[in-house]
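Taken together, the values in this text are just the output of simple stated rules run on the coordinates, not laboratory data. Just so we're clear, the structure is a prediction, and the values are computed from it rather than from any experiment. For neighbour counting, all protein chains shown are included, and Cβ atoms are generated from backbone atoms with ideal geometry for every residue, glycine included.
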Amino acid sequence: MATVVACPSSPARLLIDLPGRRYDHLFFSAMALLMLGTVFVGFAHSYYLAGVFGAPLPSLIIHLHGAAFSCWILLLVTQTSLVAAGRVTIHRRLGIAGFILACFMVMLGVLAATDSLGRGTGPSGLDAKFFYVIPMTDMLIFATLVFFAFRARSNPAAHKRLILVATTALLIAAIARWPYTMVHRKPMMAALASYVFLLILIAYDLWSMRKVHRATIWAGAFLIFVQQIRIPIGRTGAWHAFASWALSLSK
């Protein structure tokens, strides 16, 4: 009887060699923890350890905004840990609460951005009305990707990648508060630094599947496109008129 020897380069052998989803639990849990560390370092001085540094928050809405966004990061760590532990049923139930939290986050994010606009706060050298485009478009990115992640909840591979990229859109505020000259109070540089999370996800996709997952491609492309196109939009008279209108509604 002839013996069939599988060719190392055959599709069957490649499927066996690919790590696939075997390390997904470890990878996405590690990414969640990395994001948690990113946020804590960025907001330790002005929020989490504000009592230590004597930095009171400017308004109640900023406190609510910070609390809600902190809950999202903690929820991300919890959800990835539940999946890693095989508690998928609890993960799905908690996911409904997570979607509701995300809706509140978008509303609070818009209110907090408008509150900051009214106080004229923002990075030095940037007009407050121009800076307003940054948090507003971050909310657009986050809301869009969370919506599609919720729709794709029956497709775990796409769902978790969409959630990861959506959360990446929230990291600019934290990175821009890191005590490093390159990114401190520089939202454009902070945005570029946040792309490291996208690169890590792409690298993991290539390693685990030998291709980039389509959710990673379109979600990452959407995030980068909106974050780059908002710069010229924020400098237009139309955007300044919109910011003035939003400010008038908040008074």
**Study point:** All positions within region 203-219 that are touching a residue at least 40 places away in the same chain (Cβ under 8 Å) and assigned to a loop (DSSP other than H, G, I, E, B)
**Key:** 210, 213
Exercise for review: Starting from residues that are of a type in the set (D, E, K, R) and outside any loop (DSSP other than H, G, I, E, B), keep the ones in region 149-185 and report whichever is nearest to residue 79 (Cα to Cα).
Suggested key: 160
Study note, to complete from the structure: (1) more than 15 Å from the chain's Cα centre (by Cα); (2) surrounded by fewer than 16 Cβ atoms within 10 Å (Cβ to Cβ) all hold for residue 225 apart from (1)
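Taking region 228-243, which residues are among the aromatic types (Phe, Trp, Tyr) and either outside any helix (DSSP H, G or I) or within 21 Å of the chain's Cα centre (by Cα) (or both)? Write out each step before concluding.
Of region 228-243, the ones among the aromatic types (Phe, Trp, Tyr) are 239, 242.
None; the set is empty.
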Exercise for review: Sort out which residues of region 172-222 are polar (S, T, N, Q) and under 18 Å from the mean Cα position of the chain (by Cα), and write them in order of number.
Suggested key: 194, 216
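Matching residues to (1) crowded, with 20+ Cβ neighbours inside 10 Å; (2) among the aliphatic types (A, V, I, L, M); (3) in contact with a helix residue (DSSP H, G or I) (Cβ under 7 Å, 6 or more places away or on another chain); (4) free of Cβ contacts under 8 Å to residues at least 12 places away in the same chain:
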{"site": "163", "(1), (2), (3), (4)": "yes, yes, yes, no"}
{"site": "180", "(1), (2), (3), (4)": "no, no, no, yes"}
{"site": "187", "(1), (2), (3), (4)": "yes, no, yes, no"}
{"site": "201", "(1), (2), (3), (4)": "yes, yes, yes, no"}
Exercise for review: Considering each of 109, 118 in turn, give the residue that is under 14 Å from the mean Cα position of the chain (by Cα) and not hydroxyl-bearing (Ser, Thr, Tyr).
Suggested key: 109
Check your understanding: What pairs can you find where one residue is in region 236-248 and closer than 12 Å to residue 128 by Cα, the other is of a type in the set (D, E, K, R) and in a helix (DSSP H, G or I), and their Cβ atoms are less than 6 Å apart, with a gap of 6+ or different chains?
Key -> 240/129; 243/129
Practice item. Determine whether residue 199 is over 18 Å from residue 126 (Cα atoms), part of a helix (DSSP H, G or I) and either charged (D, E, K, R) or in contact with a Leu (Cβ under 7 Å, 6 or more places away or on another chain) (or both). Key: no
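One line per residue, one yes/no per condition, for (1) touching a residue at least 60 places away in the same chain (Cβ under 8 Å); (2) under 29 Å from residue 248 (Cα atoms); (3) small (Gly, Ala, Ser):
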{"residue": "39", "(1), (2), (3)": "yes, no, no"}
{"residue": "64", "(1), (2), (3)": "no, yes, no"}
{"residue": "67", "(1), (2), (3)": "no, yes, yes"}
{"residue": "78", "(1), (2), (3)": "no, no, no"}
{"residue": "88", "(1), (2), (3)": "no, no, no"}
{"residue": "112", "(1), (2), (3)": "no, yes, yes"}
Review point. Would you pick out the residues in region 123-148 that are more than 20 Å from residue 194 (Cα to Cα), touching a helix residue (DSSP H, G or I) at 6+ places or on another chain (Cβ under 7 Å) and small (Gly, Ala, Ser)?
Key: 128
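Out of all the residues in region 98-116, is one or more among the aromatic types (Phe, Trp, Tyr), surrounded by fewer than 18 Cβ atoms within 10 Å (Cβ to Cβ), touching a helix residue (DSSP H, G or I) at 6+ places or on another chain (Cβ under 7 Å) and in a helix (DSSP H, G or I)?
First pass over region 98-116, keeping only residues among the aromatic types (Phe, Trp, Tyr): 99, 104.
Filter once more, so that each one left must be surrounded by fewer than 18 Cβ atoms within 10 Å (Cβ to Cβ): 99, 104.
In the following step, the residues that additionally are touching a helix residue (DSSP H, G or I) at 6+ places or on another chain (Cβ under 7 Å) were identified as 99, 104.
Add one more test, that the residue is in a helix (DSSP H, G or I), and what stays is 99, 104.
Within region 98-116, one or more residues are among the aromatic types (Phe, Trp, Tyr), surrounded by fewer than 18 Cβ atoms within 10 Å (Cβ to Cβ), touching a helix residue (DSSP H, G or I) at 6+ places or on another chain (Cβ under 7 Å) and in a helix (DSSP H, G or I).
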